[in-house]
Amino acid sequence: MAALMPILHDEALIEAAQMQEDMGRRAGNAVWLRTVSRIHSPQRLKRHFMQGAAEALKGRPADRIERALTFYQTDLGRRVLRLETEARRAMLDPDTEARAEKAFWDAANRDHPRIDQIERLIEGADLIAPNVAGGLNALMAFSRGFAEGGGFDIPKNEQQMLDEAWAQEEEIRAQTIDWMEAYLFLAYAPLSDDELETYIRFAKSPEGKALSAVLFAGFDALFQQTSWELGLAAAGHMQGDHL
């Protein structure tokens, strides 16, 4: 978490600059980027994550989570964490992300056995559906914040915002799959096939899935809170531009 939160902060700044461009405004506005940076400070991100994870832990068998955590105390577990963090940091660069996507598809076209391992990991650990759900939740949270801040020229009710979010579900799913495949292919490239098989078995196990559910809950809480704040800030920022 200590290594990941600064990366999430930097991802948010990149998306904020893109948002400026999409809205037809000058990218890199200093006030806007400072606001986004404050909302996504690593300390705040960690706090939101821990609150969500703690809530998800209630009622769950503690021994299952403890057994899952022991995997990350092994040499392979520590290496997996390091590789995942390094790959996510590397993919902050759009060129690196594009190369990772191309590398995945080049390998897929050659029927490289690593592709089968990546796909089995994604399916067995159920990595797509929770990410898509999290993306939709974050989108709804942003819309609620944007509406509360008076950002819509014509006010929208909850159902209208929900319909607009669901209309993007297919696009969010496709983007999630593309990013996840490229990311995992890049991250686990240094692992041997046997090492990756060991990790797949852990990720598919009841212990691995229990820990994954807690982590997804933590990230969902984090992104819902920051997305709501971002929507509220975006509405105020747009009104300031109009003034």
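The values are calculated or read from the model by the stated rules, or taken from the named source; none is laboratory data. A quick note: this is a predicted structure, and the numbers were derived from the prediction, not measured. Reconstructed Cβ throughout: ideal geometry from the backbone, glycine too, with neighbour counts over all protein chains shown. Note: accessible area is taken over every heavy atom of the protein model, side chains too, but ligands, DNA and RNA are not part of it. Shrake-Rupley method; radii C 1.70, N 1.55, O 1.52, S 1.80 Å.
Does at least one position in segment 123-140 carry a residue that is assigned to a helix (DSSP H, G or I), without any contact (Cβ under 8 Å) to a residue 12 or more places away in the chain and either surrounded by 13 or more Cβ atoms within 10 Å (Cβ to Cβ) or over 20 Å from the mean Cα position of the chain (by Cα) (or both)?
Looking only at segment 123-140, we keep the residues that are assigned to a helix (DSSP H, G or I), and these are 123-124, 129-140.
Among the residues that remain, those that are also without any contact (Cβ under 8 Å) to a residue 12 or more places away in the chain are: 123, 129.
Restricting the remaining residues to those that are either surrounded by 13 or more Cβ atoms within 10 Å (Cβ to Cβ) or over 20 Å from the mean Cα position of the chain (by Cα) (or both) gives none.
No; the residues of segment 123-140 include none that is assigned to a helix (DSSP H, G or I), without any contact (Cβ under 8 Å) to a residue 12 or more places away in the chain and either surrounded by 13 or more Cβ atoms within 10 Å (Cβ to Cβ) or over 20 Å from the mean Cα position of the chain (by Cα) (or both).
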Q) In segment 143-172, how many are part of a helix (DSSP H, G or I) and open to solvent by 50 Å² or more (accessible area, probe 1.4 Å)? A) 11
**Q.** Residue match in segment 33-50 (condition: surrounded by fewer than 12 Cβ atoms within 10 Å (Cβ to Cβ), aliphatic (A, V, I, L, M) and out of contact with any Leu (no Cβ under 8 Å at 6 or more places or on another chain))
**A.** no
Q) Do you know which of the residues in segment 176-227 that are open to solvent by 20 Å² or more (accessible area, probe 1.4 Å) and not in a helix (DSSP H, G or I) is nearest to E97 (Cα to Cα)? A) A189
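Look through A141, A233 and report the one residue that is within 26 Å of L92 (Cβ to Cβ) and either at pLDDT 95 or above or charged (D, E, K, R) (or both). Lay out the reasoning, then the answer.
Values: A233 fails: either at pLDDT 95 or above or charged (D, E, K, R) (or both).
Exactly one of A141, A233 is within 26 Å of L92 (Cβ to Cβ) and either at pLDDT 95 or above or charged (D, E, K, R) (or both), namely A141.
Please pick out the residue among V80, V31 that is hydrophobic (A, V, I, L, M, F, W, C) and under 22 Å from L230 (Cβ atoms). Before you say what the answer is, go through the steps one by one.
Working: V80 fails: under 22 Å from L230 (Cβ atoms).
Criteria check complete, one pass: V31.
Here's the yes/no breakdown for (1) more than 23 Å from the chain's Cα centre (by Cα); (2) among the aliphatic types (A, V, I, L, M); (3) under 30 Å from K209 (Cα atoms):
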{"position": "L4", "(1), (2), (3)": "no, yes, yes"}
{"position": "T35", "(1), (2), (3)": "no, no, no"}
{"position": "H40", "(1), (2), (3)": "no, no, yes"}
{"position": "R60", "(1), (2), (3)": "yes, no, yes"}
